[in-house]
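Some notes on the structure that comes next.
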Amino acid sequence: SSYYQNYHSLKEIYYWMEEVARVHSDLLEKIHIGSSYEKRPLYVLKLSKGQGNPKSAIWIDCGIHAREWISPAFCLWFIDQTMTTLLEHFDFYVMPVINVDGYEYTWSHPSNRLWRKSRSRHGNNRCIGTDMNRNFDAQWCGKGASPNECYETYCGPYPESEPEVKAVARFIRDHKDIIKAYITMHSYSQLVLFPYSYTMKKSKDHDELVKGNALILGLQSSMGLKTRISSMQIMSPGGSDDWAYDLGIKYSFTIELRDTGTYGFLLPPEEIRPTCLEALSAVKEIAQHVLQNL
Ligand code: 0X9
Ligand code: ZN
């Protein structure tokens, strides 16, 4: 429906989460996992078909970076899909917006539409905001992140200094035995990235993931997505994907959604549908692969 082909304010997303959880209470559970710096609630939606023994699960999060509006739009889109076949095999934990304060800020302050970071202030810092994707405990604040609070890639004063990052990390740590894949949605550049980004060294699963692998081939054929190996790009430590991988979640991906730069973060709503369709096929590809390797 057209609801999913538009961008939504945080207020609308909170309302939407309440409604879907109410209307689909048989499939969906809204889990409160903590509060943001500005005291907004943080929610994860659990999609599950079965009672009884806990199923393997796939985690998907959106909106780590405030300005990447297409990312929360995908999480909403994803939940709206019944995903019947996938739910036979997996539970999903979907977090529509991690950086709630930053997202709200890009909506309420149009001149700051391109804000990226959280909205926290630490100590007597001159500038506001930590890059949540430099704040995870994975080679925290190494080369590729900044200790300067005024930079876009500020790593924060210590790992998990951001309450949103801490809440997510705690939840995933507590569920690490059942979470078989970690997928985090960003924009833009139309890439699928996998560990490591904090080092140029290959991960121990690198060759399995790259060499003529069905998963990568499938991802590559997912319309519009071109896979690239994260160790080929510049170093960026403290990211959620590397952290989840080192926690033991072997299938850990960052998906950079559309586009490749024409509109960048200001992706027109007309592109939400094609973007979400291709990302959905990428997620299905990952789920299939995980299923075959459980
Ligand atoms: O730099 C990032 O955090 C991500 N790109 S974005 O343009 N959306 O900001 C890429 C993250 C790749 N993974 C890690 N750096 N761990
Ligand atoms: Zn991002």
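The values are calculated or read from the model by the stated rules, or taken from the named source; none is laboratory data. Predicted model only: the values in this text are computed from it and were never measured. FYI the Cβ positions are ideal-geometry reconstructions off the backbone, even for glycines, and counts take in every protein chain you see. Accessible surface areas use protein heavy atoms only, side chains included; no ligands, DNA or RNA. Shrake-Rupley method; radii C 1.70, N 1.55, O 1.52, S 1.80 Å.
Just from the alpha-carbon atoms, what are the Rg and Dmax of the stretch 82-149 in angstroms?
16.7, 51
So which lysines pass the test for Lys204, namely a Cα distance under 21 Å, with those fewer than 8 places away in the same chain ruled out?
Counting by Cα, and skipping residues close in sequence, Lys204 has these lysines nearby: Lys176, Lys180, Lys250.
If you average the sequence gap of Cα pairs under 8 Å that are 6 or more apart and divide by the length of the stretch 26-163, what percent do you get for the contact order?
Values: 277 pairs, mean separation 30.0, N = 138.
Contact order relative to length: 22 percent.
Give, rounded to the nearest 20 debye, the magnitude of the charge dipole that the stretch 61-177 has about its Cα centre when Lys and Arg contribute +1 at Cβ and Asp and Glu contribute -1 at Cβ.
For this selection, approximately 580 debye.
For the chain, what does the alpha-carbon gyration tensor say about shape, rounded, prolate or oblate, given a ≥ b ≥ c as the root eigenvalues, a/c under 1.5 as rounded, and a/b over b/c as prolate?
rounded
For each cysteine in the chain, check whether another cysteine's C-beta sits under 4.7 Å from its C-beta; list those where none does.
So far as the 4.7 Å Cβ criterion goes, Cys276 stand without a partner in the chain.
Averaged per residue, what accessible surface does the chain expose to a 1.4 Å probe, in Å²?
Solvent-accessible surface per residue comes out at 43 Å².
Rg and Dmax of the stretch 1-79 over Cα atoms: what are they, in angstrom?
My reading of the Cα-based Rg and Dmax gives 13.3, 39 Å.
So what is the relative contact order for the stretch 162-294, in percent, with contacts set as C-alpha pairs under 8 Å and at least six apart?
For the stretch 162-294, the relative contact order is 38 percent.
Considering only protein heavy atoms and a probe of 1.4 Å, how much of the accessible area of the chain is carbon and sulfur, as a whole percent?
51 percent
Name the residue from Tyr37, His89, Trp69 whose Cα lies farthest towards the positive end of the charge dipole of the stretch 1-90, charges +1 on Cβ of Lys and Arg and -1 on Cβ of Asp and Glu.
Tyr37
Have a look at the DSSP beta bridges in the stretch 1-156 and tell me what percent are antiparallel, nearest 5.
On the way: 10 of 17 bridges.
Once the DSSP bridges in the stretch 1-156 are tallied, antiparallel ones form about 60 percent.
Between Asn112 and Ser146, what FRET efficiency comes out of the Förster formula 1/(1 + (r/R0)^6) with R0 = 30 Å and r the beta carbon distance, rounded to 0.05?
Values: r = 19 Å, r/R0 = 0.65.
Calculated transfer efficiency: 0.95.
From largest to smallest, what semi-axes in whole angstrom does the stretch 12-148 give when each is the square root of 5 times an eigenvalue of its alpha carbon gyration tensor?
For the stretch 12-148, the semi-axes come out at 31, 17, 13 Å.
Using all C-alpha to C-alpha distances in the stretch 162-282, build P(r) with 10 Å bins and read off the rounded percent in each one.
13, 41, 36, 10, 0
Set the Förster distance to 30 Å, then compute FRET efficiency between Gln220 and Ser56 from the Cβ-Cβ distance, nearest 0.05.
0.75
What GluC sites (Glu not before Pro) does the stretch 8-53 have in DSSP loop regions with at most 16 other beta carbons within 10 Å?
Sparse-neighbourhood loop GluC sites (Glu not before Pro): Glu38.
Over the chain, what is the relative contact order in percent, taking alpha-carbon pairs closer than 8 angstrom and at least six residues apart?
Numbers: 623 pairs, mean separation 58.9, N = 294.
With pairs under 8 Å counted, the relative contact order is 20 percent.
Please report the net charge: other residues with Cβ closer than 14 Å to the Cβ of Ser146, K and R +1, D and E -1. Each step should come with its number before you reach the end.
Working: positive: Arg116, Lys117, Arg126, Arg134, Lys143; negative: Asp131, Glu149, Glu152.
Within the 14 Å Cβ shell, the charges total +2.
To the nearest 20 debye, what is the magnitude of the charge dipole of the stretch 1-132 about its Cα centre, counting +1 on the Cβ of each Lys and Arg and -1 on the Cβ of each Asp and Glu?
The dipole magnitude comes to about 560 debye.
Please list, by residue number, every one of the trypsin sites (Lys or Arg not before Pro) in the stretch 1-108 that is coil in DSSP and has at most 11 other beta-carbon atoms within 10 Å.
Lys39
With label points built 7 Å along Cα→Cβ from the Cα atoms of Glu88 and Glu18, find their separation and express it in nm.
Going from the Glu88 label point to the Glu18 one covers 3.7 nm.
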